[in-house]
Amino acid sequence: AARLEHFVAPCRKSQAFAMRSALLLLLSAQLAGCWHAPSRVQTSRVVDVARGAASVARAAPAAVAVGQPQQTAPLYTSPELPKVLGGIKIGLRKLVVLTGASSGLGLATLKSLLKEKKYFVVCAVRDVDKMRQVAQQEGFDMGSIAVMKLELGNLQSVRDFVQNLRAFKVGRPLDALICNAAVYLPTDPKPRFTDDGIEQSMGINHVGHFLLARLLIDDLKGASDPRCVIVGSITGNTNTIGGGLVYPRADLGTLSGLEKLAEGQRFVEMADGNEFFGAKAYKDSKVCNMMTMYELHRRYHDSTGITFSSMYPGCIADTPLFREKRGWFRFIFPLFMKYVTGGYVSEEEAGDRLAQCVTDPRTKTSGVYWSWNGGAQQLALSKDEQGRPRGTGGSGGEIFQNQVSSEVSDGGKAAKMWELTSKIVGLPP
């Protein structure tokens, strides 16, 4: 790493280096995202170095694929017994629900919240035993957390969790909901499905959180400063290097896959109706996450006072989210982000950023996608009114209201996504 820094330091500020960094990032992502599927029909990629842009065309979409799940064991088998007397345990602290709290960004966010001593956190996790072990290893004050079962890959589990949470908090409001948990399955040649027959990236990252957020609206609106944060991603925004030049690009198409799910079909492989592509499935789910935030804001903010926001914490290159990647990628990618692009953010700093969306008075504006203007200055596709690169990430910098892609901000498509997902989870639009 030191030798690599010695090599790149002299030319870090040059425009040529900026272009080379962008192209290296593209190459790295291509290898990481596409090497796993050599049998897939590869599409042409045209990279215009002079303009610093790329266009990516994919083969004609196949018909909506309705198959059978790889896995046979259910993700959720029985409900957890509700916990009681939570009101006494919570005391005067603010109550936060955090999904995916046992590892990665979720664990770092949990640590950040507990440092302030003002928050009681319900750790909503699929593996309660793992969460308890992590809490013991980290030395957490068990009087400041509660561990509850939540399997986002099973819609009944989401409903069971909400009922257990209400039994635990006994009428007191929920101050914040942080929708963080996610799966990323880029090397899977075939899709895995949730217990409800939804491809897991879309089912866990989007559909499960969609139901959770909607069911907890009434619990949030009674708080003095209610917040709901849904973690987004640069990869779901095609107006960025990470989302625009890195194949495959997020694209929900006409939402024909979600339409099939809303009509009652199961084992539909992709939201756009195409055949399964693991890296794209994750990106599409992040588009839906960010769209959901905007729709929640549009439909509920004025009547409830809830602050709805999304955010991108920066590239946590060594996060467990990449556990499905090959070993060489997990070794090289953090070094690449640290010493070539400057876009690396530690889990600790990313956790502080996500916690900031709940704790900071500056993040009380609703309907906002937050980013931080860190060290990856050379990788912006565009700059804002103050000349700052948009959404480049990197360590340090200041928080700012970022712009999302044209697809994420497409109100008509977002409204359609909302209506279809509502049908899938059995709620009125």
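The values are calculated or read from the model by the stated rules, or taken from the named source; none is laboratory data. Quick caveat: nothing in here was measured; it's all calculated off a predicted structure. Here Cβ is always computed from backbone atoms with ideal geometry, including for glycine, and neighbour counts include all displayed protein chains. Calculation scope for accessible area: heavy atoms of the full protein, side chains included, ligands and nucleic acids excluded. Shrake-Rupley method; radii C 1.70, N 1.55, O 1.52, S 1.80 Å.
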> In region 195-222, what count of residues is obtained for those that are open to solvent by 10 Å² or more (accessible area, probe 1.4 Å) and in a loop (DSSP other than H, G, I, E, B)?
Replying inline: 4
>> Can you tell me how many residues within region 125-138 are open to solvent by less than 20 Å² (accessible area, probe 1.4 Å) and not in a helix (DSSP H, G or I)?
In response: 1
> Taking region 92-123 on its own, how many of its residues are open to solvent by 30 Å² or more (accessible area, probe 1.4 Å) and in a loop (DSSP other than H, G, I, E, B)?
Replying inline: 6
> Within region 139-146, is there a residue that is over 24 Å from residue 360 (Cβ atoms), open to solvent by 40 Å² or more (accessible area, probe 1.4 Å) and of a type in the set (A, V, I, L, M, F, W, C)?
Replying inline: yes
>> All but one of (1) part of a loop (DSSP other than H, G, I, E, B); (2) within 30 Å of residue 120 (Cβ to Cβ); (3) modelled with pLDDT of 70 or more hold for residue 295; state the number of the condition that does not hold.
In response: (1)
> Looking at this structure, is residue 132 more than 24 Å from the chain's Cα centre (by Cα) and either modelled with pLDDT of 90 or more or within 23 Å of residue 187 (Cβ to Cβ) (or both)?
Replying inline: no
> Pick from 267, 308: which is farther than 22 Å from residue 186 by Cα and either in contact (Cβ under 8 Å) with a residue 12 or more places away in the chain or surrounded by 24 or more Cβ atoms within 10 Å (Cβ to Cβ) (or both)?
Replying inline: 308
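Listed here are the residues, each with its yes/no results for (1) modelled with pLDDT of 60 or more; (2) in contact with an Asp or Glu (Cβ under 6 Å, 6 or more places away or on another chain); (3) closer than 30 Å to residue 94 by Cβ; (4) surrounded by fewer than 20 Cβ atoms within 10 Å (Cβ to Cβ).
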position	(1), (2), (3), (4)
348	yes, no, yes, yes
384	no, no, no, yes
400	yes, no, yes, yes
404	yes, no, yes, no
>> Could you check region 165-188 and list, in sequence order, the residues that are open to solvent by 20 Å² or more (accessible area, probe 1.4 Å) and over 22 Å from the mean Cα position of the chain (by Cα)?
In response: 166, 167, 170, 171, 172, 173
